[in-house]
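See below for the structure under consideration.
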Amino acid sequence: SLVGSEMCIRDRYEDARREGQAALVGVLAQLEGFPVAASAWESDVLPLRIKRYLPDMLDRLCSSGQIVWQRPVVRSVDDDKPKAGPVRGTPILLCAREPMHFWRGEALDQMPTLSGRAQRVYDALKAQGAAFLLDITQDTGLLRTEVEQALAELVSHGLVTADSFAGLRALVAPSTRKKGYGRRRRSGLVDIDAAGRWSLVRQRVVSAADAVHGLADPRVEHIARVLLQRYGVVFRRMLERESGMPPWRELYYVYRRMEARDEIRGGRFVAGFAGEQFALPEAVAALKRLKREEGSDSADERMLTISAADPLNLVGIILPGAKIPAVPGNRILFRGGVPVALQIGGEIRFLARAAEAQQWDWRNRLIRQARPASYMHNPSTPQ
């Protein structure tokens, strides 16, 4: 059995349900370098971990320079075709500014194919440096809507970012939620003017600080420690959803040295997987506690719904079942750390037997967080 499955869900839930700006900084440190669909960050991932999360909390961190957002730069065959712009599923990573160079990857050997307007905006930013939306429209001679489309395309290629997360929020929002749409004032509108300055993504520059000192590459050691904070227990199979990772053999050498220094524990903590595993001491204690509670009356049967885009979507990796596509519209319902129901492409699937009334409750738990107004009461049961 996978004794670690409940820890991955329950302990992360309990630790992350904190409140305030400092709590958000801690959560972002735990999720550092993990690409999440652009629309899922504020609809599912951060509110699940932060009580009373508000968008301006993230905007303040980005505007102050503490946090940077960007799409990971990955070469693909699609780079030869112009992109229409970021969509809701565009992978975006959030990271503190100082370690961001560990996650940027290598610079592209050649520029991707851009549309004419995107090329004009790119050239203007390269020549003039960071600029506000109004400045870009004046420098390029493009219409405001054309500049927005060009910025969206550049973001989709991982070439551009902004001072605030409000810029990305505005690019991926439906047109009906954008400021200036229609004649009547609307609540909950997003404003691209609040993005601050737009700038080209800084490319990773190899410096003396990046040189290997002693036994460990600084990048590999930093990523190894982030993965421990993210999962508690790390082994090769656990990292299947991670992208841009160093080879496992390099991470393994770092973990062996950390184990020799008594910083972490090595052994077999999650049954059913080959290869050595490494865990934080507090994770080992949590696993032992959960093992003692397994099958007892004190076992936690908490219900928790997450987006399939969430890093905790480990179904088909360490949890039983088929893999679930990591897109924002797909959702997973856990009971006591075990998946019991799914929402995939608008279809509800039950993974565990349940009475009709319980299935109705599970169905509502899956749809309620994504669309609060969609909660329905079972007509056969009292309200």
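Quick notes on this structure:
- Residue within region 290-297 that is at positive phi and open to solvent by 80 Å² or more (accessible area, probe 1.4 Å) present: yes
- Residue match in region 17-40 (condition: open to solvent by 20 Å² or more (accessible area, probe 1.4 Å), modelled with pLDDT of 90 or more, under 20 Å from G329 (Cβ atoms) and out of contact with any helix residue (DSSP H, G or I) (no Cβ under 8 Å at 6 or more places or on another chain)): yes
- Test for P112: is it surrounded by fewer than 22 Cβ atoms within 10 Å (Cβ to Cβ) and touching a helix residue (DSSP H, G or I) at 6+ places or on another chain (Cβ under 7 Å): yes
- Flag if E242 is more than 18 Å from A285 (Cβ to Cβ), touching a residue at least 60 places away in the same chain (Cβ under 8 Å) and not small (G, A, S): yes
- From P339, P320, P281, residue being surrounded by fewer than 20 Cβ atoms within 10 Å (Cβ to Cβ), at pLDDT 90 or above and under 27 Å from L239 (Cα atoms): P281
- Restricting region 335-367 to residues that are without any contact (Cβ under 8 Å) to a residue 40 or more places away in the chain and in contact with an Asp or Glu (Cβ under 9 Å, 6 or more places away or on another chain), the residue that is farthest from D44 (Cα to Cα): A354
- When residues of region 252-273 are limited to those that are in contact with a Phe, Trp or Tyr (Cβ under 9 Å, 6 or more places away or on another chain) and more than 17 Å from G232 (Cβ to Cβ), the one most open to solvent (accessible area, probe 1.4 Å): R256
- Applying the set (1) modelled with pLDDT of 90 or more; (2) of a type outside the set (D, E); (3) more than 30 Å from G89 (Cα to Cα); (4) surrounded by 14 or more Cβ atoms within 10 Å (Cβ to Cβ) to L287 leaves exactly one unmet item: (1).
- Residue in region 231-245 that is more than 22 Å from R49 (Cα to Cα) and open to solvent by less than 20 Å² (accessible area, probe 1.4 Å) present: yes
The values are calculated or read from the model by the stated rules, or taken from the named source; none is laboratory data. None of the values given here were measured: they were computed from a predicted structure. Reconstructed Cβ throughout: ideal geometry from the backbone, glycine too, with neighbour counts over all protein chains shown. Only protein heavy atoms, including side chains, enter the accessible area calculation; ligands, DNA and RNA are left aside. Shrake-Rupley method; radii C 1.70, N 1.55, O 1.52, S 1.80 Å.
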